[in-house]
Amino acid sequence: MSRNNALERVETYFQGGEFFTDLAALVAFETESQNPDQAPILGQYLTDAMVPRLEALGFECVLHKNPDAGGGPILTGARIEDPSLPTILTYGHGDVVLAQTEQWREGLRPFELIEEGDRLYGRGTADNKVQHLINLAALESVLAVRGRLGFNVKFVIEMSEEIGSPGLAEFMEANKDRLKSDVLIASDGPRLQPDRATMFMGARGGISFDLTLDLREGAHHSGNWGGLLADPAIILSHAIASICNARGQIQIPAWRPTSLTDDIRAAINELPVNDGNDPKVDEDWGEESLTPNERVYGWNSFAILAMTSGVPEAPVNAIAAKARATCQLRYVVGTKPEDILPALRRHLDQHGFQQVQIEQHERAFFPATRLDPANPWVKYVEDSLTRTSGQKPHILPNLAGSLPNDCFADILGLPTVWVPHSYLGCSQHAPNEHVLKSVCQDSLRLMAGLFWDIGTGAP
């Protein structure tokens, strides 16, 4: 039995239709963690879909109550072949964002896997059900061919990632011994290009908050009071304009990172910004001195997610009393997360916007992380993926998005290597979410090859 046999077996799994059937079964669980009515389904995904499959692989599974009352359950599993062997920790999340059922294209339904050409549509396909399914199937293939893995595996599946992973950090702190491993190898997020593997070793952090201005009780006629009453929307717009200039360059010194070193620049400037099918990059937007790659992977970005004043759907001739903007900062390593909002407060006060209030969202967000690309595990995974695919993967020091990598990197102290199985155009978090069959097929082979190689000798 050989590495090629493991790749052939996982290929048969895909070509014979088992992959489609398994993914359809996972998508059918309506695991919307943002919808309190679906809380019972979160547990059912673990007990009905994950536990039987893991136990069949020889995992000892434990279902844990989330230490945060607002979070869903957490499943851990361990398959220990020999304590002297290396131990791989892997991760997935079974929860999804809200279905947005009415906004899906005709003929598509969020919780039914529907095939159209190279696309498999369904909520949670790209994020994250297909990703941990692929890794499980790859482990099954290696075990079936070799009769053993040749390493130990521990699995964590949470059900609250889409609400910021509440309780996950506390769970990791309390279960360090249970989860002790040598490396995290997991899958989430997109490839940079569909036809080429991607690796990333960390992620940008994220924090969201509201800026609000409440000037008085009720709105007042714009003819009688225009020019006499301060307009909260205008004041708030100027406050926001002080945070970023007209091309989106951040003006708060504490929000401008110092971690974009020459080696990080060299790593990220070799990469494509998108796969050619996404919106055209606005070259004149963002930090003027940086390349597009440096802006998205090596710098911080501020965004306004929503703004309201008055009644936008039915405007009237009145000076509004209140204005609100929902904002977000994505930030890289080198930014002090504990000083993000205090720095904003100082900045607004210095610019005369003392009345503007900052309201941090209750939903937790993820700190920034980044692993040194010279880590031996990075080279090992790179070599394995190259051997299987025949081409070197794209290697990112950190993902542009956010995920709970700090739980593994900072709390458990692990090197972290992520191999994503989706692509940039997957409509993640949006209507018509989908994965590409071609990427799934390729990813199954890549992960089977990687797990086979780890079983023959890890770094």
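Structural remarks
- When you filter the GluC sites (Glu not before Pro) in the stretch 242-308 for DSSP loop state and at most 13 other Cβ atoms inside 10 Å of their Cβ, you are left with Glu270, Glu283, Glu288.
- The packing ranking of peptides 37-49, 198-210, highest mean first, is 198-210, 37-49, where packing means the average number of other beta carbon atoms within 10 angstrom of each residue.
- The stretch 406-450 - percent of accessible surface contributed by carbon and sulfur, probe 1.4 Å: 43
- Cα-Cα pairs of the stretch 153-206 separated by more than 12 Å (percent): 76
- For q = 0.11, 0.20 Å⁻¹, Debye-computed log10 I/I(0) when each Cα of the stretch 1-74 counts as one equal scatterer: -0.42, -0.95
- The stretch 189-281: relative contact order as a whole-number percent, Cα under 8 Å and 6+ apart: 34
- Cβ-defined net charge surrounding Ala28, 14 Å radius [Lys, Arg +1; Asp, Glu -1]: -2
- Gyration tensor (alpha-carbon) shape descriptor, the stretch 198-243, a/c threshold 1.5: prolate
- Filter on Lys280/Lys392; Lys336/Lys379; Lys65/Lys129; Lys180/Lys392; Lys154/Lys437 - keep pairs with C-alpha separation over 23 Å: Lys280/Lys392; Lys336/Lys379; Lys180/Lys392; Lys154/Lys437
- Per residue, the convex hull spanned by the alpha carbons of the stretch 258-324 comes to 148 Å³.
- Among 385-392, 67-74, sorting by the average number of other beta carbon atoms lying within 10 angstrom of each residue, highest first, gives 67-74, 385-392.
- Loop-resident sites, the stretch 221-315, for chymotrypsin sites (Phe, Trp or Tyr not before Pro), counting at most 16 other Cβ within 10 Å (DSSP): Trp285
- Relative contact order, percent, the stretch 1-110 [alpha-carbon distance under 8 Å, six or more residues apart]: 23
- Centre separation in Å (Cα based) which lies between the stretch 412-459 and the stretch 110-128: 16
- Here the accessible area of the stretch 72-189 is 46 percent carbon and sulfur, with a 1.4 angstrom probe and all protein chains present.
- Residue-normalised convex hull volume from the C-alpha trace of the stretch 125-276: 261 Å³ per residue.
- Eigen-decomposition of the gyration tensor built on the alpha-carbon atoms of the stretch 333-423 gives equivalent ellipsoid semi-axes of 38, 13, 12 angstrom, largest listed first.
- Rounded Å value of the spacing that divides the Cα centres of the stretch 74-105 and the stretch 243-318: 31
- Cα-based shape type of the stretch 39-161, given that a ≥ b ≥ c are square roots of the gyration tensor eigenvalues and the cut on a/c is 1.5: oblate
- Relative compactness, the chain, computed as alpha-carbon Rg over 2.2 N^0.38 Å: 1.04
- For the stretch 212-319, average projected area of the Cα convex hull in nm²: 9.8
- Per residue accessible area in Å² of the chain, where ligands, DNA and RNA are left out and the probe is 1.4 Å: 42
- Cα gyration tensor shape for the stretch 377-433, rounded if a/c is under 1.5, else prolate or oblate: oblate
- Based on C-alpha pairs under 8 angstrom that are at least 6 apart in sequence, the chain has a relative contact order of 26 percent.
- Student exercise, the chain dipole from Lys, Arg, Asp, Glu Cβ charges, in Debye to nearest 20: 620
- Among the protein heavy atoms of the stretch 217-364, carbon and sulfur supply 52% of the accessible surface, probe 1.4 Å, non-protein parts ignored.
- Dipole of the stretch 370-459 [Lys/Arg +1, Asp/Glu -1 at C-beta], most positive-end residue of Gly390, Pro459, Leu412: Gly390
The values are calculated or read from the model by the stated rules, or taken from the named source; none is laboratory data. Predicted model only: the values in this text are computed from it and were never measured. A quick note on method: Cβ atoms are made from the backbone with ideal geometry, for glycine too, and the neighbour counts reach across all protein chains shown. Heavy atoms of the whole protein, side chains included, go into the accessibility calculation; ligands, DNA and RNA do not. Shrake-Rupley method; radii C 1.70, N 1.55, O 1.52, S 1.80 Å.
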